[in-house]
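Worksheet: one structure, shown below.
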Amino acid sequence: MSPVPPALSLDVVQRRRKWFAGLVLLALIVLTASVRSVAALDGEWHEGVEALGLAAIIVAIVGRAWCSLYIGGRKKAEIVDRGPYSMTRNPLYVFSFIGAFGVGAQTGSVTIGAIFAVATFLVFLRTVGREEAWLAEHFGAPYAAYCARTPRFLPNPARWRDAEELTIRPAFFVRTLRDGLVFLAAIPVMEGIEHLQSSGLIGFPISLF
């Protein structure tokens, strides 16, 4: 059994996650610009996949904002196990995976959308391990019990429990909403890349669904 990673400061873990996720996203966009999907540029499935991607981005933005109503400012102070956090321990990340798929799908390719989602999952997987180590160290048995009854990623609707009332912290909600809106930047970026590819200025053709 591999050793449990050291419980770094939660702030440090989250800063590293943002920087690394940004670098990975940039690398994926560069990779996307270097190839072009023959199917997408020929119009096959293109509009439908883009629409699916836009829907995924909207779900991600709304879902992340919803999660922030429950977790905003509380992660280091208590175990949040209501609302989306009663179905999965990492709903913010689950919605991020959905948003990453939406970003990749703006190329018109389901395959590229899936690559973006898987890459985002792999980036966050290590972050989740670090966060869990910190939470286990600070909350002990109650956190272990929460882990035992709540899936790490895949939501279980049967576990749903809600709070009777919430104390909303607007600054965290606005920040999460602002961060989520970055997903929408993928639309003009991918459209620009697609225009350059269709003009033959960048990328080499490959067959991608």
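Any read-out appearing in this document is the output of simple, stated calculations on the displayed coordinates, not a laboratory observation. What you are looking at is a predicted structure, and each value in this text was computed from that prediction instead of being measured. Cβ atoms come from the backbone with ideal geometry, glycine included; neighbour counts cover every protein chain shown.
Name the trypsin sites (Lys or Arg not before Pro) in segment 121-165 that are in a loop by DSSP and that have at most 14 other C-beta atoms within 10 Å, would you?
Qualifying residues, ordered by number: R152, R161.
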Full-stretch length increase - E165, D179 - with 0.36 nm per residue and alpha-carbon distance subtracted: 2.5 nm
Given a Förster distance of 25 Å, report the FRET efficiency between N156 and A77 from their Cβ-Cβ distance, rounded to the nearest 0.05. 0.50
By per-residue mean of other Cβ atoms within 10 Å, what is the highest-first order of 179-188, 85-94, 50-59, 134-143? 85-94, 50-59, 179-188, 134-143
Under 5 Å, built H, 5+ apart or other chain: amide partners of F153: R89
